[in-house]
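A.B. asks: The structure that follows is given in the form of structure tokens.
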Amino acid sequence: MNLVITGLGTVSPAGTGTHDYWAALVEGRSLIAPLSDFDTDGFPVRLGGRVRGFDPLDHLDGRYVVQTDAFTWFAMVAAEEALEDSGFDVTADPYATGVLICSGAGGAEFGQRELTALYGSGPSHVGPYQSIAWFYAASTGQVSIRNQLKGMCGVLVTDEPGMLDALGQAEQALRRGGSAMLVGASESAIGAPYSLACQAVSGTLTDGDDPESVYLPFTERTVGYVPAEGAAAALVEDQELARARGARVRAVVAGQASTFGSVGGHDPGGEGLLHAALGAMRRAGVTPDEVDVVFADALGMPKADADEAAALRQLFPGGVAVTAPKTGFGRAHAGAGALDVAAAVLSLEHQVIPPTPRVPDPPAGLDLVVRVARPARLRTALVLSRGMGGGNSAVVLTSPHHV
Amino acid sequence: MRREAVITGIGVVAPGATNATAFWDMLTAGRTATRGITLFDPTGYRSRIAAEVDFDPVALGLEHEQAERMDRYAQFAAVATAEALADSAVPLTDVSPWRVGVSMGTAVGATSQLDREYAVMSRGGADWVVDPGAAGPHLDLALSPSSLSGEIAERVGARGPVRTVSTGCTSGLDAVGYAAQAIEDDLADVVIAGAAESPISPIAMACFDAIRATSDTNDDPEHASRPFDRHRNGFVMGEGAAVLVLEEASAARRRGARLRCRVAGFANHGNAFHMTGLRREGSEMARAITTALDQARCPVTDVDYVNAHGSGTVQNDRHETDAVKRALGEHARRTPMTSIKSMVGHSLGAIGSIELAACVLAMDTGVVPPTANLTTPDPECDLDYVPVTARERRVDVVLSVGSGFGGFQSAVVLDRGSEVRS
């Protein structure tokens, strides 16, 4: 069974909506800026890709806003865009559509506020919404309620690869029933000090202060990545059902595979990422020479970058175009893979590979798209992701016009 | 040929018992493990009781370094994994590591650790801008529970699909359901599946206090968890883990494994109604049950035992009773339906897997565990909840259901089909 993406939505440091997201990607705009929500003096990370100018009340009913954290706002807004974009009628049968929104840190800022109430004022000062705002399932629950979706409802917590894993899980779910799944991933964990401090313990975040000279994966100057926030969502359907209803197919989810590396290690040696890529291509029935572009994980740590580059050279001995548009805004933890999937869909649609912002030159032996976007004939994209918790995932997306 | 997932081993860390044998002795004796909270000072809290695990990770086989790196909930999972692997005797070295997966559930992950570290880094809540220099060395792994499955994968050498599932209080059922699907869909041949939780922390207790979801029978903790009883007043927080070894059936059969049962059906649905509220009629849970039974190709009359969500809140007990009646019809009245939360409390994301372990043990031993503390039935809950005392009964098909915040409703069917039975 092939799945197709018929709707897409994003909330990113470029703003709300896929239109602004793609505009920023294709331009190679750098959206990294000093984190200004609190005094980051003394923090080991001071730059980030924040979603700016986002007022949840512009998009959501007030009752949702008070009982949810920003990660759920992002998820709900991205989900709404994806649903509208798909034109899929979810009201005909509430059980036909499921929801699977991946989470990383949960409702981080909401949680910190309530922890402050607990320790500052006492247990009776913790509010009634803490029990539904902080936990990882908050976004799936609220998206299900808001859109009246009663199909298979799930939540995966696999960090960066979340969305890629969710696409695989959606395929498994739809094989067993239902017609569509609203899948996505959302993260908002850099606006509050505590979750930022937690992330910084990993030692993989940059401590630089100059937005122009940080997060330069595959270069010798890289010393970690810039954290970001954001969400992406997609409405996926069975290909036959989507065609039958005359839906506009944005991309085909041709194959997905996941493997494990090591906790906190980002797949030392790159063997896990390699196996994930091979598995996804095998399931997609795609050979390496049919892959036109790779959206790399691009951690921005020298060893991890070298491992990924080596895996890519092994996978594509004849070479392949590689890009990492996330260097423009940062790595949005659980949202990172989702934003990459969205970028790949948009890239296939526009037949343009967005560049890897700020990286001046491609490294030896890797056709990294730098400086300017590259128009190309794009049939097939491979998206790669490695997670903090040890998971690796790969997805093959194909253009519906070349199948 | 259709691939099927079978359970070949179980491991349990539960309140009152840190292995499956002790767990089953406790449940079949109808003993409760609820008590006044000792894990932190609960003075000032509305609910000051919980079902706690007496747990020494090093005595139970973890290295000091592992114990130091993992939060309590992951330690539970690691200990339960060791027991499950020994029980199943699955020769993991004979299986390609790329074909071994992990699927673990948790609702709140390392909340206890995040809570503890926040108190330090914020100087007791005084500083919004916490001191990053005061962070513990593994706090990055605590932020997201993805590392729960990762820690288990590293211990067993799994390199296949490794996932943490976090659907609130149905996580423990969903993680096992996903694991079975991974085997059925040929993504893995062995999956270590289960769930873990250690939510007995100030922030978790305070947040359930705030919505009065937990019992405040502080002066009589042993009798506080009373599912389906008219004097119930909320759930009692628990903690623990259970791990099940799932294998592809034909391979398990070939190696001569002891096949305990098939994971025959699994479904979950959102109720799309309310994050904490339930519509009385329970149609979404009923739908999950019906779908799971359909997948299992089990007529409703084959169900021998229903392991209830049975949290002991008024709305849950009535919702669930109606949902089971809706799905099983008249057969619901003839089928024992019990809640082990009456004895081990409600360990949020972990309990679904702990309940599945109990279901396997019920099949193994032909005993249905009771619903402890059910002495004055709620007249609105009129099924056979097996009050107080365990009952001997041949059990071949089990339905286990779960319900949780976010609207999640899950059902798993375990079946000792004729082939497994022989």
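The values are calculated or read from the model by the stated rules, or taken from the named source; none is laboratory data. Remember, predicted model here, so these are calculated numbers, not experimental data. With ideal geometry, Cβ positions are generated from the backbone for all residues, glycine too; neighbour counts draw on all protein chains shown. What goes into the accessible areas is simple: the full protein's heavy atoms, side chains included, and nothing from ligands, DNA or RNA. Shrake-Rupley method; radii C 1.70, N 1.55, O 1.52, S 1.80 Å.
A.B. asks: Could you grab the relative contact order for chain A? Cα pairs under 8 Å, six or more apart, rounded to a whole percent. Before the final figure, lay out each step's value.
C.D. replies: Numbers: 1088 pairs, mean separation 95.9, N = 403.
Reported relative contact order: 24 percent.
A.B. asks: Excluding ligands, DNA and RNA, what is the accessible area buried between chains A and B, summed over both sides, using a 1.4 Å probe, to the nearest 100 Å²? Don't jump to the answer; show the numbers that get you there.
C.D. replies: Working: alone 14900 and 15860 Å², together 24460 Å².
Buried: approximately 6300 Å² between B and A.
A.B. asks: Rank B:Pro97, B:Pro57, B:Pro299 by mean-square fluctuation in a GNM of chain B with C-alpha springs under 10 angstrom and give only the top-ranked residue.
C.D. replies: Its mean-square fluctuation being the largest, the pick is B:Pro299.
A.B. asks: Carbon and sulfur: what percent of the protein assembly as shown's accessible surface (1.4 Å probe)?
C.D. replies: On the way: 12080 of 24460 Å².
Solvent-exposed carbon and sulfur of the protein assembly as shown make up 49 percent of the total.
A.B. asks: For A:Lys326, go through the lysines and keep the ones whose alpha-carbon is under 30 Å away, minus same-chain ones fewer than eight residues off.
C.D. replies: Candidates past the 8-residue exclusion: A:Lys303.
A.B. asks: Checking the cross-link filter: which aspartates and glutamates have an alpha carbon closer than 13 Å to that of B:Lys325, excluding same-chain neighbours under 8 positions apart?
C.D. replies: B:Glu281, B:Glu284, B:Asp317, B:Glu380, B:Asp382, B:Asp384
A.B. asks: Something else: For a protection proxy built on the mean count of beta-carbon atoms within 10 angstrom, sort A:173-186, B:37-50 highest first, please. Could you put the intermediate results ahead of the total?
C.D. replies: On the way: A:173-186: 26.0, B:37-50: 18.2.
Per-residue Cβ counts within 10 Å, averaged per peptide and sorted highest first, yield A:173-186, B:37-50.
A.B. asks: I'd like the distance separating the alpha-carbon centroids of segment B:310-371 and segment A:9-68, in whole Å.
C.D. replies: Here the answer is 44 Å between Cα centres.
A.B. asks: Now, a different point. Pick from A:Gly122, A:Gly285, A:Gly389 the residue whose mean-square fluctuation is largest in a GNM of chain A, springs joining Cα atoms under 10 Å.
C.D. replies: The residue with the greatest mean-square fluctuation here is A:Gly122.
A.B. asks: For A:Thr287 paired with A:Glu27, estimate the spin-label separation in nm (one decimal), with each label point 7 Å from Cα along the Cα-to-Cβ line.
C.D. replies: 4.2 nm
A.B. asks: To continue, here is another question. Roughly how big is the protein assembly as shown's charge dipole about its Cα centre, with Cβ charges of +1 (Lys, Arg) and -1 (Asp, Glu), in debye to the nearest 20? Provide the component values of the computation, followed by the final result.
C.D. replies: Details: 66 positive and 98 negative charges, 347 e Å.
Dipole about the Cα centre, nearest 20: 1660 debye.
A.B. asks: How high is the FRET efficiency from A:Glu212 to B:Asp185, r the C-beta distance, R0 56 Å, rounded to 0.05? Kindly include the intermediate steps, with their values, before the conclusion.
C.D. replies: Details: r = 46 Å, r/R0 = 0.82.
Result of the calculation: an efficiency of 0.75.
A.B. asks: Going by average Cβ neighbours within 10 Å, how do the peptides A:347-359, B:76-88 rank, with the highest at the top?
C.D. replies: Values: A:347-359: 22.5, B:76-88: 25.0.
Most protected by this proxy first, the peptides run B:76-88, A:347-359.
A.B. asks: Using a 1.4 angstrom probe on protein heavy atoms only, which residues from segment B:231-277 are buried by at least 30 Å² of accessible area when all chains are present rather than their own chain alone?
C.D. replies: At a threshold of 30 Å² (probe 1.4 Å), the residues of segment B:231-277 that become less exposed are B:Asn268, B:His269, B:Gly270, B:Ala272, B:Met275.
A.B. asks: Moving on to the next point. Within a Cβ distance under 14 Å of A:Ala173, other residues only, what is the Lys/Arg minus Asp/Glu net charge? Provide the component values of the computation, followed by the final result.
C.D. replies: Values: positive: A:Lys150, A:Arg175, A:Arg176, B:Arg163; negative: A:Asp165, A:Glu171, A:Glu237, A:Asp238, B:Asp174, B:Glu184, B:Asp185.
Local charge sum for A:Ala173: -3.
A.B. asks: Considering the options A:Val396, A:Ala373, A:Pro288, tell which one lies farthest towards the positive end of the dipole of segment A:269-402, charges being +1 on Lys and Arg and -1 on Asp and Glu at the Cβ, about the Cα centre.
C.D. replies: The Cα lying farthest towards the positive end belongs to A:Ala373.
A.B. asks: If you don't mind, another one. Net charge near B:Thr81, counting Lys/Arg +1 and Asp/Glu -1 over other residues with Cβ under 13 Å of its Cβ?
C.D. replies: On the way: positive: B:Arg155; negative: B:Glu83, B:Asp87, B:Glu151, B:Glu154.
Net of charged neighbours comes to -3.
A.B. asks: Given a cut-off of under 8 Å on Cα pairs at least six residues apart, what relative contact order in percent is computed for chain B? Intermediate results must be reported in sequence, preceding the final value.
C.D. replies: Numbers: 1142 pairs, mean separation 100.2, N = 422.
After rounding, I find 24 percent.
A.B. asks: Turning to a different aspect of this structure: How large is the dipole of segment A:169-286 about the Cα centre if only Lys and Arg carry +1 and Asp and Glu carry -1, each at its Cβ, rounded to the nearest 20 debye? Spell out each step's value before the answer.
C.D. replies: On the way: 9 positive and 13 negative charges, 182 e Å.
I would put it at about 880 debye.
A.B. asks: Which of B:Gly277, B:Val162, B:His64 sits farthest toward the positive end of the charge dipole of chain B, with +1 on the Cβ of Lys and Arg and -1 on the Cβ of Asp and Glu?
C.D. replies: B:Gly277
A.B. asks: For segment B:303-314, what does the Karplus curve 6.51 cos²θ - 1.76 cosθ + 1.60, with θ = phi - 60°, yield as ³J(HN,Hα) per residue in whole Hz, taken in order and with x for Gly and Pro?
C.D. replies: Couplings: 5, 9, 7, 10, 8, 7, 5, x, 7, x, 9, 4 Hz.
A.B. asks: Counting only helical runs of four or more DSSP H residues, what would the 222 nm mean residue ellipticity of the protein assembly as shown come to if each run contributes -39,500 (n - 2.57) and the total is spread over all its residues? Please list the in-between numbers first.
C.D. replies: Working: 27 runs with 276 residues, N = 825.
Result for the protein assembly as shown: -10000 deg cm²/dmol, rounded to the nearest 500.
A.B. asks: Per residue, what accessible area does segment B:301-356 have, given a 1.4 Å probe and all protein chains present, in Å²?
C.D. replies: On the way: 1140 Å² over 56 residues.
Using a 1.4 Å probe on heavy atoms only, each residue of segment B:301-356 averages 20 Å².
A.B. asks: Measuring from centroid to centroid over Cα atoms, what is the spacing of segment A:136-202 and segment B:46-61 in Å?
C.D. replies: Centre-to-centre (Cα) distance: 31 Å.
A.B. asks: Answer rounded, prolate or oblate for segment A:219-300, using the Cα gyration tensor with square roots of eigenvalues a ≥ b ≥ c: rounded when a/c is under 1.5, else prolate when a/b is larger than b/c, else oblate.
C.D. replies: On the way: a/c = 2.34, a/b = 1.66, b/c = 1.41.
Prolate, because a/c is 1.5 or more and a/b exceeds b/c.
A.B. asks: Also, I was wondering about something else. Using the alpha-carbon centroid of each, what span in Å lies between segment A:327-363 and segment B:188-218?
C.D. replies: Result: 38 Å between the Cα centres.
A.B. asks: Can you tell me how segment A:290-403 classifies by the Cα gyration tensor, rounded, prolate or oblate, using a/c under 1.5 as the rounded cut?
C.D. replies: Working: a/c = 1.34, a/b = 1.21, b/c = 1.11.
The shape class here is rounded.
A.B. asks: Further question on the same structure: Between beta-carbons, use under 11 Å as the cut-off and find the net charge around B:Ala107, counting Lys and Arg +1, Asp and Glu -1. Please report the intermediate quantities before stating the final value.
C.D. replies: On the way: positive: none; negative: B:Asp174, B:Glu197.
Around B:Ala107, the charge tally is -2.
A.B. asks: Based on the alpha-carbon gyration tensor of chain A and its eigenvalue square roots a ≥ b ≥ c, which shape applies: rounded if a/c is under 1.5, prolate if not and a/b is larger than b/c, or oblate? List each step's numbers first, then the result.
C.D. replies: Details: a/c = 1.68, a/b = 1.08, b/c = 1.55.
Taking the square roots of the gyration eigenvalues as a ≥ b ≥ c, chain A is oblate.
A.B. asks: Okay, next question. Considering the options B:Ala267, B:Gly172, B:Ser47, tell which one lies farthest towards the positive end of the dipole of the protein assembly as shown, charges being +1 on Lys and Arg and -1 on Asp and Glu at the Cβ, about the Cα centre.
C.D. replies: It is B:Ala267.
A.B. asks: If you don't mind, another one. What does the charge dipole of segment B:302-422 about its Cα centre add up to, to the nearest 20 debye, if the Cβ of each Lys and Arg holds +1 and the Cβ of each Asp and Glu holds -1? Numbers along the way, then the final one.
C.D. replies: Working: 11 positive and 16 negative charges, 18 e Å.
Magnitude of the dipole: close to 80 debye.
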